[in-house]
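To start, the structure itself, in structure tokens.
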Amino acid sequence: MVKNQIKTIILLGLLTGLMLGAGQLLGGKAGLFIGLVFALMINLFSYFFSDKIVLMMYRAQEVDKTHPLYKAVAEVAHLARIPMPRVYIIPTETPNAFATGRNPMHAAVAATEGILRILDKDELRGVLSHEISHVKNRDILITTIAATIAGVISYLANMAQWAALFGTGGRDEDRGNGNMIGLLVLAVLTPIIATIIQFSISRSREYLADESGARLAKDPEALARALEKIERNVMRHPMPFGSEATSSLFITNPFTAKGLFTLFSTHPATEDRVARLHALRDNV
């Protein structure tokens, strides 16, 4: 668990360093400031309102205290010692679940009708423990910070494209050529590197939520079985609505069972997650 926390800190540091280096290479403090403000505005809006947007996107319907899902979430939230989140059902046979909300005081947990059909009580408890762990670990805040920094880098890359297109304006030809190469590198490579780091942070938080959830439920094997069941059933029943841009919210990708390219996947491979959970069997 500590290892994943340290990894997240290192990756956020690398992302910040990449942003500062890109700003310096571009040579404009004003441009860096404008990009930062622009990205902050977008991500602050996402931080405060993305939960409502994503719940509407997936046609989620809030359930009351009499619903079995509400009771299951209440049990896990009590164990985690966090305030009771709002609970939603998503009307689809695709088995999946996600948590959203900016902090434990403003959280929501949503599960699909499909996941309630295919998982037994222990497996569902493992999934809900994973999602409640995301809330307790404040992963929404961490991923928002990562998205903000990555957004600034993308903005700087766009500025670099325009600067490279119209020239650097330097009088020294060699220096101008060097600046041109630097701008092209900034425009092409830095957004790719930033995306890889951002997705690495997402995968690190998934591993952490797996471990936290397994310890909370005291049953890593149940969560491992649930992950395998979900992946198999997603292949038969992929999510029929929504957007792949929101796939990182879910416990596994609800649109495809596996990413085409590991570096650009928001989730670790299921077999890796299951192997880690098996290794926790005697340590919870």
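What follows is calculated from the coordinates using simple rules that are stated; it is not laboratory data. All of these numbers come straight from a predicted model, not from anything done at the bench. As a convention, Cβ positions derive from the backbone with ideal geometry for all residues, glycine included, and neighbour counts pool all protein chains shown.
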*Quick one: if you stick a label point 7 Å off each Cα along the C-beta vector at L116 and R281, how many nm between them?*
3.2 nm
*Tally Lys and Arg at +1 and Asp and Glu at -1 over the other residues with C-beta under 14 Å from the C-beta of S50: what net charge comes out?*
0
*Collect residues whose amide H, placed 1.01 Å from N in the peptide plane, falls under 5 Å from the amide H of I251; neighbours closer than 5 in sequence don't count.*
A97
*In sequence order, what are the phi-derived ³J(HN,Hα) couplings for segment 197-202 according to the Karplus relation 6.51 cos²θ - 1.76 cosθ + 1.60 with θ = phi - 60°, rounded to whole Hz, with x for glycine and proline?*
5, 4, 5, 5, 4, 4
*asked:* For A107, what residues show an amide H to amide H distance below 5 Å, using hydrogens built from the backbone and excluding near sequence neighbours?
replied: R86
*Cα-projected label distance for H67 with I192, points at 7 Å along beta-carbon direction, nm*: 4.4 nm
*Which entries of K71/K229; K121/K218; K136/K218 show an alpha-carbon separation above 20 angstrom in the structure shown?*
K71/K229
